[in-house]
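Throughout, read-outs are computed from the coordinates displayed, never taken from laboratory work. Keep in mind that this is a model prediction, so the values were computed, not measured. Quick reminder, even Gly has a Cβ in these numbers, built from the backbone with ideal geometry, and neighbours come from all protein chains shown.
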Amino acid sequence: MIEVTKYDKSGKESGKAELSSEIFDVTPNYQAVKEYLILQLANRRKANPLTKSRNQSRGGGAKPWRQKGTGRARAGSSRSPLWVGGAVAHGPDGRNYKKSMPKKVRRLAMRSMLTDKVRGGALTVIEDLDFSSPKTKDALDIIKNIGGEKTLFIQGDRIDNLELSMRNISNCKVLLYKNINPHDIINFSKVVLLEGAVAKIEEMIK
């Protein structure tokens, strides 16, 4: 087991929380982290539109008119990009940027990133927050006490009032444990696990 700082519901330090060494204290594999981040960013991209070049267009096999004697410009195909209804020259190719990655490698990358946060003192645990109603002021007080500039809260079960309390705070984000991703973990300087999320994360990426 490995220990990290634990905070109470007001954001005050209350002791230490134990985390599994199999998840939060491994040998980081930065190549896996890089590939997982590239996969996430690539899968956000939309596929290019598809247009047909002249060799993909149907028809146009016959020469429209003879080469000489008509007074018109030479033409070899009615599917030339110069013609109405013709093909598209140098158009988008329909490329799809979607990538895939084995589940084992994704889990290794997540363990590597969480380990890196723990070793850098950027990962902490806080007691489950139970806002009775959305209160941005209370959320700001907690963030200030924890000392995070860009803070990512990871919850085990969806707490609507917590999300509503923090949605208008810049540089702060609340995620459900199963939605954690490499971009957010890398992008936020402080990762705060709600107590109820710890066991679920350990089970998900062990």
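Among the conditions (1) in a loop (DSSP other than H, G, I, E, B); (2) within 20 Å of residue 185 (Cα to Cα); (3) in contact with an Asp or Glu (Cβ under 9 Å, 6 or more places away or on another chain), residue 26 misses just one, which is (3). Out of region 155-168, which residues are over 20 Å from the mean Cα position of the chain (by Cα) and either under 17 Å from residue 140 (Cβ atoms) or among the hydrophobic types (A, V, I, L, M, F, W, C) (or both)? Those that are over 20 Å from the mean Cα position of the chain (by Cα) and either under 17 Å from residue 140 (Cβ atoms) or among the hydrophobic types (A, V, I, L, M, F, W, C) (or both): 159, 161, 162, 164, 165, 168.
Criterion applied to 98, 63, 68 was being within 18 Å of the chain's Cα centre (by Cα) and free of Cβ contacts under 8 Å to residues at least 60 places away in the same chain, and the one residue passing it is 98. Of all positions in region 15-33, none carries a residue that is free of Cβ contacts under 8 Å to residues at least 60 places away in the same chain, over 30 Å from residue 204 (Cα atoms) and surrounded by fewer than 17 Cβ atoms within 10 Å (Cβ to Cβ). Of the residues making up region 152-172, those that are surrounded by fewer than 17 Cβ atoms within 10 Å (Cβ to Cβ) and not in a helix (DSSP H, G or I) are 157, 158, 167, 168, 169, 170, 171.
The number of residues in region 177-198 being among the aliphatic types (A, V, I, L, M), assigned to a helix (DSSP H, G or I) and closer than 18 Å to residue 130 by Cβ comes to 2. Hey, can you tell me all the residues within region 79-96 that are farther than 18 Å from residue 58 by Cα and surrounded by 14 or more Cβ atoms within 10 Å (Cβ to Cβ)? Result: no residue meets the conditions. Within region 135-143, can one find any residue that is polar (S, T, N, Q), under 28 Å from the mean Cα position of the chain (by Cα) and surrounded by 12 or more Cβ atoms within 10 Å (Cβ to Cβ)? Yes, there is a match, as at least one residue in region 135-143 is polar (S, T, N, Q), under 28 Å from the mean Cα position of the chain (by Cα) and surrounded by 12 or more Cβ atoms within 10 Å (Cβ to Cβ). Filtered by the rule that a residue be assigned to a loop (DSSP other than H, G, I, E, B) and touching a Ser or Thr at 6+ places or on another chain (Cβ under 6 Å), region 130-147 gives 131, 134, 135.
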